[in-house]
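The values are calculated or read from the model by the stated rules, or taken from the named source; none is laboratory data. Remember, it's a predicted structure, so these values are computed and weren't measured experimentally. With ideal geometry, Cβ positions are generated from the backbone for all residues, glycine too; neighbour counts draw on all protein chains shown. Accessible surface areas use protein heavy atoms only, side chains included; no ligands, DNA or RNA. Shrake-Rupley method; radii C 1.70, N 1.55, O 1.52, S 1.80 Å.
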Amino acid sequence: MQANLYALGAIALWASLASLGVSLTHVPPFLLTGIALIIGSVPAWPFVLRDPSQWRIPARTLALGVYGLFAYHFLLFIALRHAPPVEANLVNYLWPLFIVVLAPVVLPGVALRLPHVLAALLGFVGAAIAIAGGRELSGTLAWGYLPALAAAFIWATYSLLTKRVAAFPTTAIGLFGLVSGVLSLLCHVALEPAVSLQARDWALLAVLGLGPLGASFFLWDKALKLGDARHIGILSYITPLASTALLLVVSGRPFSWAIAVATAMIISAAVMGMRAR
């Protein structure tokens, strides 16, 4: 239960990620990723100042953290710019399904049973209805779907591989974000044009960094350390539902029957997956 509560906290913060990302599409993606990740690392600083050893981790673990935080968010922000955001979100939210089906491949001693498969598929269909329901698909295959798919794979494998590396304190997530943010800003200087950010941009970046690109990572790490990756992956199907609902509110679009159906399917999938042994 404690692991599920941590996961739900991360999910609640991630619900705003797509809306914030769409609101900041005018900010170059490397700059956006870099600033937000550095801000997101700030909550770990007081703990590290008291005990610097919490950031003394193996290079392999740090590389995994950069792989997860930097690569995932950069690809996601690229996808939101070069494909219809709602449909790109759908592709990105394959990551809970990837977590469930890849767990027995990546983690020793983890078996994938039929209830997990059925719950994962039910949750994915619910996510698809929540995101695409009531919306006319564009009918074109934008290249932005490819980085969205890559982002989904990266976040799923990062989440699972944190259980394969040597144990590290949750405060090390702050180091992952800081290094990833600095790397992203260096890429911005080398590859992107300079831009001037307005006060509103900084406010949105602060919210993005402290929430879906900050506190959520610490909560997610605690959830993975304490819980079953298969159960958490299925529970994560709540994320596209909440994210889509927020996008509807922000855009002023009305709620539809699809959201109600998706709610029932996603909750059913989460319950089915968490009860499976």
query: Would a scan of segment 229-246 turn up a residue that is at pLDDT below 80, surrounded by fewer than 18 Cβ atoms within 10 Å (Cβ to Cβ) and more than 16 Å from the chain's Cα centre (by Cα)?
result: yes
message: Just to be sure I understand, how many residues within segment 99-114 are within 17 Å of Val271 (Cα to Cα) and surrounded by fewer than 15 Cβ atoms within 10 Å (Cβ to Cβ)?
response: 2
- request: Could you list all residues from segment 1-36 that are of a type in the set (Val, Ile, Thr) and over 19 Å from the mean Cα position of the chain (by Cα)?
  value: Val27
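Could we say that Gly9 is surrounded by 24 or more Cβ atoms within 10 Å (Cβ to Cβ), part of a helix (DSSP H, G or I) and modelled with pLDDT of 85 or more here? Even if it seems obvious, please write down each step before you answer.
On the way: surrounded by 24 or more Cβ atoms within 10 Å (Cβ to Cβ): no; part of a helix (DSSP H, G or I): yes; modelled with pLDDT of 85 or more: yes.
No.
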- prompt: Among (1) open to solvent by 30 Å² or more (accessible area, probe 1.4 Å); (2) modelled with pLDDT of 90 or more; (3) under 16 Å from the mean Cα position of the chain (by Cα), where does Gly214 come up short?
  reply: (1)
- line: So, first residue over 22 Å from Asp51 (Cα atoms) and open to solvent by 20 Å² or more (accessible area, probe 1.4 Å) in segment 150-173, second residue assigned to a loop (DSSP other than H, G, I, E, B) and modelled with pLDDT under 90, Cβ within less than 6 Å, six or more apart or across chains; the pairs are Lys163/Leu107
task: Please work out which one of (1) open to solvent by 50 Å² or more (accessible area, probe 1.4 Å); (2) assigned to a helix (DSSP H, G or I) is the condition Ser184 fails and give its number.
output: (1)
- request: Within segment 51-91, count every residue that is farther than 21 Å from Thr25 by Cα and either touching a residue at least 24 places away in the same chain (Cβ under 8 Å) or of a type in the set (A, V, I, L, M, F, W, C) (or both).
  value: 14
- prompt: Out of (1) over 17 Å from Trp14 (Cα atoms); (2) open to solvent by 30 Å² or more (accessible area, probe 1.4 Å); (3) of a type outside the set (A, V, I, L, M, F, W, C), what's the single condition that is false for Pro85?
  reply: (1)
field: Residue count, segment 37-66 (criterion: assigned to a helix (DSSP H, G or I) and either under 22 Å from the mean Cα position of the chain (by Cα) or surrounded by 12 or more Cβ atoms within 10 Å (Cβ to Cβ) (or both))
entry: 20
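Take Gly34 and tell me if it is in a helix (DSSP H, G or I), touching a Ser or Thr at 6+ places or on another chain (Cβ under 6 Å) and modelled with pLDDT of 85 or more.
Details: in a helix (DSSP H, G or I): yes; touching a Ser or Thr at 6+ places or on another chain (Cβ under 6 Å): yes; modelled with pLDDT of 85 or more: yes.
Yes, satisfied.
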